[in-house]
Structures are given as C-alpha cells and as structure tokens.
Amino acid sequence: MKTILAVTVENKPCALSRVVGLFSQRGYNIESLSVNRSPGKEYSKIILITHGTERVIEQVIKQLEKLINVSEVKNLTSTIHEERQMSLIKVCADSLESFRLLCSQIGRVFHVLTANQEQNTVLVQVTATEDEMQNIVNLLGPASILDIVSSGVIAMDTP
Amino acid sequence: MINCTGGDLLMLALKEEEVDTIFGYPGGSALHIYDAIYRQSEIRHILVRHEQAATHAADGYSRSTGKPGVVLVTSGPGATNAITGIATAYMDSIPMIVISGQVPSDKIGEDAFQETDMMGISRPIVKHSFSITDPNEIPLIVKQAFHIATTGRPGPVVIDIPKNMSGPSASYTYSRAQSLQLPNYKLPAQPTGQEIQTALDMINQSARPIIYAGGGIVLGEASEELREFAFSTGFPVTLTLMGLGAFPADDEQFIGMVGMHGTVAANRAMHHSDLIIALGVRFDDRVTNKIEKFCPNSKVLHVDIDPTSISKIIPAHHAINSSVKDVLTDLNKSIQEFDRNSMKSSKWWQEINEWRACYPTSDYTSPKDCGQRISPQHAINAIYKATKGDAFVTSDVGQHQMFAAQHYKFHKPNRWINSGGLGTMGFGLPAALGVKIAHPDELVICVTGEGSIQMCIQELSTLKQYNLPVMIFCLNNESLGMVKQWQDLNYESRYSEISYGDSLPDFTSLAKAYGHEGICIQNQSELEDKLAEAMSMRDKVVFVEIQVTHDEHVYPMQIVPHGSIKDIQINKEECV
Ligand SMILES: Cc1ncc(C[n+]2csc(CCOP(=O)(O)OP(=O)(O)O)c2C)c(N)n1
Ligand SMILES: [Mg+2]
C-alpha cells in the first residue's frame, strides 16, 4: 500500500536523520522525500512516501510519533488531499514547433525556462502528480529526454 | 552559583537529578568535565578499566535500583567503546545517561584527533540524544535527558559535549532548569474505564487464561500489583527471561519461564490458552517461536507503555497503551469478586499441573550420572542454596545464563540482571560492579562462563580499587557452550571455533594476581563445602571456578526455526 505521510518535526540537530534513519533501521522504505522549514522556522515539514502492509504502516506511524522531535504525523493517504511533484526536463526536439505540438498533445502546461534554438533543446518545468509525471515522461519518450530532475512529492490535505 | 565552567554546570545539573555515582573513563575531550569532578565532592566517580564496563556497570546500577545509571566517556574511542553497553541498555529498556566528550565545536567535521560522530553512531540505539551548542543549555538538557530516560518506556540517552562547552574560557551562572520544554514528548495516558471494562469482559469470558508478564513489570515497578492480580484471579503466571523475579518463583501459580528455554508447562499453557494477558512484554522471537504457529486459539489482551510494542509481532484483540502498574491497579479494584477457587480447581489448572508433573524442573538439577563431574544445572542449584536464594544475580551470556534463569529461583524483582535483548557477553562482571555500588551491603554474585568472563575480566581491577566484594561463579565447560550446542543441533557437531585449546588461564591464580581470592571446584563431592568456603569470605572478591561437564545442552529447548511455541526438545533424545 502506497502511503503519503506528513511529518512535522522540530528543527533540532539530528532530527531529520532520526526520521530517515528510522526507516533504514527498521527495514521500511522511503520512495519519495521532501523537506522544508515551516514559516516559523521552529519546525520542518517532511512529506514522504512509503510502501507497506497496513500493519507495517501502522508501525511506521507509531515509531515516527515516538521520536522525541516529532510533533505530528498525518497519514494523508487516508484523507482527501492534493499532491504535486515538480520536474525540470531538458528535451531535445526535431524543432521547437514540433515540441510545442507534442506539449499540446500531452495537454499539460510546460513552462519553457530556456530554449536553445541552434541545438533545438529546451529546458522545461512541469508540475503534476506522481502518476501523471510518469505518464508525461513516457509521452515525451526517453529518446528525447536529455536530462531530468524531479523533486520529492509534496502533499496537503484539502480544506 | 556563579563563576561556573560548563563542566561545573554539568555537575550541578547532575546533582539536581540526585546522581550519586558516575561510571567513567577520562580522556582529552572530557578533561574539563573531569576537572569539574575533581572540584566537587558529592558525586562519586568510579574509574573502570574499559568504557564498555562503564556502561554495563551503570546498567547494573540502574536495573538493581530503578534509578538511571550515569556514564562519562571521552570522545572517539571512549565513545565507541561505550556503544555495546548503550545498545545493551537500549534493547532491555534500561534508563541510562551517557555523557560523551566531543572535539571542540569548531573542529567538528575536520576528522580532528579522537573525533567520532557520536550522535550518528549512537542514533539507532538511544531513546534520544542531545548535542550541546551553548553551555547555558546544560542544566535544561540534563533535566530533559533524565526525564526522557526514565519515563514512558525507559532507555539510554546520550549527551554529547564538545570540549569548548565544558571549559573555563567563559564563566556561567548556574540556574536550575524550571520547565521541561519537551512539547512533543508523548507519554501514555491513564487507562480509561472502557478499556478496563473490555479487559474485564475478556477475563470473565476466558476458561483457559494465562498471565504472560515480562520486563515491563520490573521496570514499571508493578510486581505487587501483578501478585495481587494473580492472587485474585487464580490464573497461571509465566514470566519472560526479563521478567524473572517479577512474580515469586516459589508461588504455586508460577509455571516457569516461557520461551526458547522455558518450561514445557509454560509454553504449552501459552499454546493452549484461550486468553493471553500480556503485561509489559513484547512477544520477542525468543518467546513466540514461529509466528505463524503462535497460539492459534488465544485472544491477546496486551498492556504496554510503548505503543510500538503493541501489535508489532502479534496483533492484539484488545490493547491498553498505559503503564502496567496503572492498568493492574484498576483491574485489581474491579476483580475482587472473581471466583479464584473455581479457577484453581478448573480443568485448565488440572491440565497444567499434569504438564508440570510430567516435566519437572528438578529433573535437570539433581546430580547426574557424570561420575565426579559437576553438571552446570546442579551447580546453579547448589549456588542457589548456598546464597539462600537472596542474592542479586548478574549473568553473562550463554548456557550458564540459561541455567541460571531456569534454576536460580527469583522471588523479588530487580534481582536477576542479565542482557536479554542484545545478549552481550561481557555484561556480567561490570554489571555486578554497578549493583554492588548501589547495594554495598547485599550479596551480589555474577554467574558467568569461561568465555564471557574474559570479555570484561579487566574489571577485577576496578573491584579491587573500590573494594567491591562480589562473588563470581564461573561455570567452566572449556568451550563456548551455547555455540557448541547449536553446532550439535544444526551442524552435526562440526565444532567450528568454540574452544581455546589449552590456553585457558588458571582463574584462581588470575584472581589472586588481581588481589582477590580464587577457588577451583572440580568434583561433585567438594561442591557444597567449597561453596560454603566461598560464602564465608563475604568481605572479599571471590572468584569461584566450577569445572562442569563439557557436553551439556540447555533443555527444554523449543524446536527452531519451524516449531510452534510448544514444540520442545526435552533432552538430547526426546521431543514432546
Ligand atoms: C559479544 C558477544 N559475542 C558473541 C556472542 C555469541 N555467543 C552467545 S553464547 C556464546 C558462548 C558463551 O560462552 P561461555 O561464556 O563460556 O558460556 P557457556 O555457553 O559455555 O556457558 C557466544 C559466543 C555473544 N552473545 N556476545
Ligand atoms: Mg563456556
């Protein structure tokens, strides 16, 4: 079962490594990880994706809650939530026109950050869910992707 | 107090926590702290001979008193030497404070002399850890560390102190930490009425109940409550290795230890029960044997202070995440009208008593057909008698440990002190040292093997320095007996690396070289007299080597890895 957890953790030395270390120590896996400081700077929010049976997920949550620096663990999978991932992709197209055409076929908003006319390469930014992102990458085709870098998934429960 | 160094702040904060003893070993990064130790007189420092021993001694101190043991080591090798002892304490949930020196903060990360990442290395084996970034934080962090170590499920806490945080370069004013400031530290709530009622319903509906209690009873100081609960209900009681002493071994409701080397009766009773009342236990693999075959018809009522222990291995039908003491207190209030007599005369007890009669513990302890050689089980029985069953017993790890657990009958909690979770050879002697510090007037003995004792034997010197008369009983079978047993059972007796040739030291001379007494017992016929001789020297460290038979196996033994809890080998030939 794929599970997205939102973990609020105090900004203390070692706090992140305690969270991440817990996973390797207990044989759980992290598929995606994204961390950033909350506005007050006293806390950080960690969004992570893990896989496991219901029992394992229950243990993961309890183990996380037990960490002294962790203030809250939310299982977003069990609530209605929005999730997003951002990718920067360097694409090589036959021509920029054909790339624009491809983009419109894919039906997503690609922000073109830079375009190199001579070499027909563009650097684009795209935001999507994890599944959609996989789809986009498939449609672009591995042959035309020169490089790709993706953020961890971030997520939030809907109001 | 004004004009304090960071080291002074540390000592004052430790005094605030009523620390009377530190077990430690000095070195560069800890020197400012050692200077602060020198300049005060209320806290005693015990200089061990190896940092591992400092942690085990603090551990023994803690297990025998319930108070956290305190360790002080230097950075680098001092810190890494402490790791085994921290892991040992962690696995058995023992409250401990480990203060490690660290290189100055501006040197951290530069591979400075004796630098090691203590926060990183210790992270998976501590309940929590702190690194000091400002000496002014010391009083608060010490307070937090003690609180974390001793509350909830206890455990070791590390405080890493860079050298410049403890030194005299600036002076500070000590002010006691007022509030804890641990907003995110969660402790379990009191049990609710509904939780207690559901437990009572399960208890009332059960025809074949069993109380399965463990280290949580000892740590949670709930032995009295357990005894009352058992008395009111008349239910059979089994204990884990860690729980021994939490219920008196000579009580007729005690059916023996559960698990790998537990009694047939206890393991069968678990298997055939319809209700397991699990109190302060964690369904360790050394208890359950194969999970898939675990107690097929039993409901599980699980009480534990640690939420992660609940349903981790065996799903609980009803769980109460509170302290066992609180839960038992509440249960005891409601259980008064329980018909304990009809329980006592039930078919369930009849069955259990038949198992008990069929496979009595005494089968193992009578002198065996081994001529003049002494069997280790018999040796433990003789030690039990010689010490009148009233000693603090520390143990090392191996066959002798299991024999001690099986045949030394513990009647009180905090008396059986062994490394159950990590199984750390070398634990016994330094742990006995720590117990003796805490209980100078009590009889403290260490049951060990000729393998284990050599892992921390240097502590004989510490015992001498501080005049700590503990009695050491070394069951010498001239091999790593427990390993040999597994090689007999699983590797057709291919004995790979379990003996020392003829290199074993003469333990009697060795003990004497350290300034102690040494006694060697070789024959059955001299066992009792020589034990009595040892007991007559209560004011000395006496190293008693007992030469025991070489081919003994620990039985009963669960059949691993595919057996259920009740599939048991009872001697070299028979399984039941
Ligand atoms: C530090 C450590 N290393 C290895 C082991 C594995 N081990 C478990 S029991 C044992 C043999 C112990 O020998 P001894 O102390 O002579 O006790 P005996 O079993 O012979 O009574 C060993 C090597 C261990 N538990 N701890
Ligand atoms: Mg041995």
Discussion item. I need every pair where a residue in the stretch A:95-122 that is free of Cβ contacts under 8 Å to residues at least 24 places away in the same chain has its Cβ under 9 Å from the Cβ of a residue that is of a type in the set (Ser, Thr, Tyr) and in a strand (DSSP E or B), sequence separation at least 6 or different chains.
Written reply: A:VAL109/A:THR127; A:HIS111/A:THR127; A:THR114/A:THR121; A:ALA115/A:THR121
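Of all the helices (runs of 4 or more DSSP H) wholly in the stretch B:328-440, which have at least 1 residues that are at negative phi and more than 16 Å from ligand 1 (Cβ to nearest atom)?
B:340-344, B:347-358, B:362-365, B:376-386, B:428-438
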Practice prompt. Could you please tell me which pairs satisfy a Cβ distance under 6 Å, a separation of 6+ or placement on different chains, a first residue in the stretch B:420-444 that is modelled with pLDDT under 95, and a second residue that is assigned to a helix (DSSP H, G or I)?
Written response: none
Worksheet, complete the sentence: Only one of (1) within 12 Å of ligand 2 (Cβ to nearest atom); (2) free of Cβ contacts under 8 Å to residues at least 60 places away in the same chain does not apply to B:THR508, and that is (1)
Worksheet, complete the sentence: How many residues of the stretch A:67-114 are assigned to a helix (DSSP H, G or I) and either crowded, with 16+ Cβ neighbours inside 10 Å or not charged (D, E, K, R) (or both)? The answer is 12
Worksheet item: Tell me, which residue of the stretch B:461-476 that is more than 21 Å from the chain's Cα centre (by Cα) and either among the hydroxyl-bearing types (Ser, Thr, Tyr) or crowded, with 23+ Cβ neighbours inside 10 Å (or both) is farthest from ligand 2 (Cβ to nearest atom)?
Response: B:TYR466
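In contact with a helix residue (DSSP H, G or I) (Cβ under 7 Å, 6 or more places away or on another chain) and within 14 Å of chain B (Cβ to nearest Cβ): does that describe A:ASN69?
Yes.
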Discussion item. Just the residues that are among the hydroxyl-bearing types (Ser, Thr, Tyr) and either within 16 Å of ligand 2 (Cβ to nearest atom) or within 10 Å of the chain's Cα centre (by Cα) (or both), please, taken from the stretch B:388-422.
Written reply: B:THR394, B:SER395, B:SER419
Worksheet item: How many of the residues in the stretch A:1-16 are more than 19 Å from the chain's Cα centre (by Cα) and in a helix (DSSP H, G or I)?
Response: 1
Practice prompt. Filter the stretch B:112-144 for residues that are surrounded by fewer than 17 Cβ atoms within 10 Å (Cβ to Cβ), touching a residue at least 12 places away in the same chain (Cβ under 8 Å) and at the interface with another protein chain (Cβ under 8 Å from one of its Cβ atoms) and give the result.
Written response: B:THR133
Practice prompt. Looking only at the stretch B:297-310, count how many residues are more than 17 Å from B:ILE217 (Cβ to Cβ), touching a residue at least 24 places away in the same chain (Cβ under 8 Å) and out of contact with any strand residue (DSSP E or B) (no Cβ under 9 Å at 6 or more places or on another chain).
Written response: 1
Discussion item. Among the residues that make up the stretch A:83-101, is at least one of them in contact with an Asp or Glu (Cβ under 6 Å, 6 or more places away or on another chain), modelled with pLDDT under 95 and away from chain B (no Cβ under 11 Å)?
Written reply: yes
Fill in: Residue under evaluation B:THR150, criteria (1) polar (S, T, N, Q); (2) away from chain A (no Cβ under 14 Å); (3) over 15 Å from the mean Cα position of the chain (by Cα), criterion not met
(2)
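The values are calculated or read from the model by the stated rules, or taken from the named source; none is laboratory data. Here the structure is a predicted model, which means the values were calculated and not measured. Reconstructed Cβ throughout: ideal geometry from the backbone, glycine too, with neighbour counts over all protein chains shown.
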